[in-house]
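The structure appears below as structure tokens.
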Amino acid sequence: MNVLVKSATIVDPKSDFHNQTVDILIEKGLISQISKRIQNPKNYKEINLDNLHVSQGWFDSSVSFGEPGFEERETIENGLKTAAYSGFTLVAVNSNTNPVIDSYADISFLKSKSANHAVQLLPIGALTKHSEGTELAELFDMTSAGAVAFYDYQQPIDNPNLMKLALQYASNFGGLVCSFPQESKITGLGVMNENVTSTSLGLKGNPALAEELQIARDLFILEYTEGKLHIPTISTAKSVELIRAAKHKKLDVTCSVAIHNLIFTDEHLIEFDTRFKVLPPLRTQTDIHALIDGLKDGTIDMATSDHNPLDIEHKKIEFDYAKYGTIGLESAFGALNSIFTVKKTVELLTKGKERFKVESTPISVGNEANLALFDPNTTTTFSSENIISTSKNSMFLDQELKGTVHGIISNNQLILK
């Protein structure tokens, strides 16, 4: 692939051309020249878009596709296409398929199905066999096949000794253990945040305490084992405080927050709209402020779409019985960019790579072109026309978002909308 990107503003603090508007010549997938003006004598394809910005390709640490087993929700092929059109060149894919991804062969299947795509799929293997929380899965074997972390997606590890063993065992080969922050005995049958809103709606509440107890427990175990822990999708102010204190103690812990938990509160459930039924649940405005502060000061390491396609049969039903989840890849950039500066937004969409065993690729001559292409200044209303996913369960429908994503250049391929 040969392409000339014209008049693009580079957003990459690791590049010598950060904040500069330049032309970028890409030949056979490598950046061969960056300059104020580059001629095109070989008539390469030119990309010349209004207010074009480029950054390192974005990374999402928590994405779910249906395949294998739930292809009606999303296939790997269409999921990666959705990621590409949304600016992502790397996605860490969860194990919540049928069967659950918990073996060398399962990891190999995901790698094979995604081979040669512009978007690199990073498999996350299940932490326990069948994600049942009773026995550790084949962690080392899955690492050998290419797994980047281990996580029973949205399934808490109730047994503290099992979590201890997981952290101790994985530390032998640098494995990253992920622990969903929820104490299930406290949560019970709660389906939304425990608050005034849940009481007024007559819905059972999932208290912030359930998340915070689990995080406190896991941090104590982490300190004991000296392992390597990632806590996905925290949602409460107290959780931010707990992780901030753990980092001050130099524990090897990272965490993420789902982008929708930065935008919406539990009050959006007043109409019993199941699009807003997610896990962890939407919390309060106080929690949102704390989460945003946590992202700003680095306590929270990364933002994720927590993209989880679900078919209409699992969402358009009585609230208590609807499944948790929303799609989010297509709205991720526009939602984050509505809260933060473009520089901070790009940072949040790229900084988690190293934690998941991927090196950053600065925008520099000689490096592989791994780029997101976007305009950060447009304002659009997110609609069904913006949804590329097979499933349409987005809570961002009719929301005003800032910025437009044009596509990516990655793995010697150009993908533009």
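Here is how the numbers come out for the structure above:
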item	result
Rg/Rg_globular for region 1-146, with Rg_globular taken as 2.2 N^0.38 Å and Rg from C-alpha atoms	1.33
For region 25-163, size of Cβ-based charge dipole, Lys and Arg +1, Asp and Glu -1, in debye	1040 debye
List 17, 140, ordered by accessible area with a 1.4 Å probe, largest first	140, 17
Descending semi-axes in whole angstrom, ellipsoid equivalent of region 277-417, from the Cα gyration tensor	27, 20, 16
Cβ-defined net charge surrounding residue 340, 11 Å radius [Lys, Arg +1; Asp, Glu -1]	+3
Long-range Cα-Cα pairs in the chain (distance over 35 Å), rounded percent	25 percent
Cα-Cα pairs of region 155-203 separated by more than 18 Å (percent)	49 percent
Helix-only [θ]222 nm of the chain, DSSP H runs n ≥ 4, -39500 (n - 2.57) each, per residue, nearest 500	-7500 deg cm²/dmol
Region 109-253: relative contact order in percent, alpha carbon pairs under 8 Å with at least 6 residues between	19 percent
Overall form of region 97-248 per C-alpha gyration tensor (a/c, 1.5; a/b vs b/c)	prolate
At most 14 other Cβ within 10 Å, DSSP loop - trypsin sites (Lys or Arg not before Pro), region 215-288	249, 250
Highest-MSF residue in the chain out of 325, 87, 174 [GNM, Cα springs under 10 Å]	174
Anisotropy class of region 368-417 from Cα gyration tensor, a/c 1.5 cut	oblate
Per residue, in Å², the accessible surface of region 209-334 once ligands and nucleic acids are set aside, probe 1.4 Å	37 Å²
Accessible surface of residue 165 - all protein chains present, 1.4 Å probe, nearest 10 Å²	70 Å²
Straight-distance crosslink candidates among lysines, where the alpha carbon sits under 25 Å from residue 247 and sequence neighbours closer than 8 are dropped	14, 164, 228, 238, 296, 343, 344, 351, 353, 357
Cut-off 9 Å between beta-carbons: net charge of the residues surrounding residue 284, Lys and Arg +1, Asp and Glu -1	-2
Surface accessible to a 1.4 Å probe, residue 81 within the full protein complex, Å²	90 Å²
Tensor-based shape of region 199-278 (alpha-carbon gyration tensor, a/c under 1.5 rounded, otherwise prolate or oblate)	prolate
Magnitude of the charge dipole, the chain, Cβ model with Lys/Arg +1 and Asp/Glu -1, debye to 20	1080 debye
Solvent-accessible surface (1.4 angstrom probe) belonging to residue 77, in square angstrom, nearest 10	110 Å²
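The values are calculated or read from the model by the stated rules, or taken from the named source; none is laboratory data. Only a predicted model underlies this, so the values are computations on that prediction, with no experimental measurement involved. Note: ideal-geometry Cβ built from the backbone for every residue, glycine included; neighbour counts use all protein chains shown. Heavy atoms of the whole protein, side chains included, go into the accessibility calculation; ligands, DNA and RNA do not. Shrake-Rupley method; radii C 1.70, N 1.55, O 1.52, S 1.80 Å.
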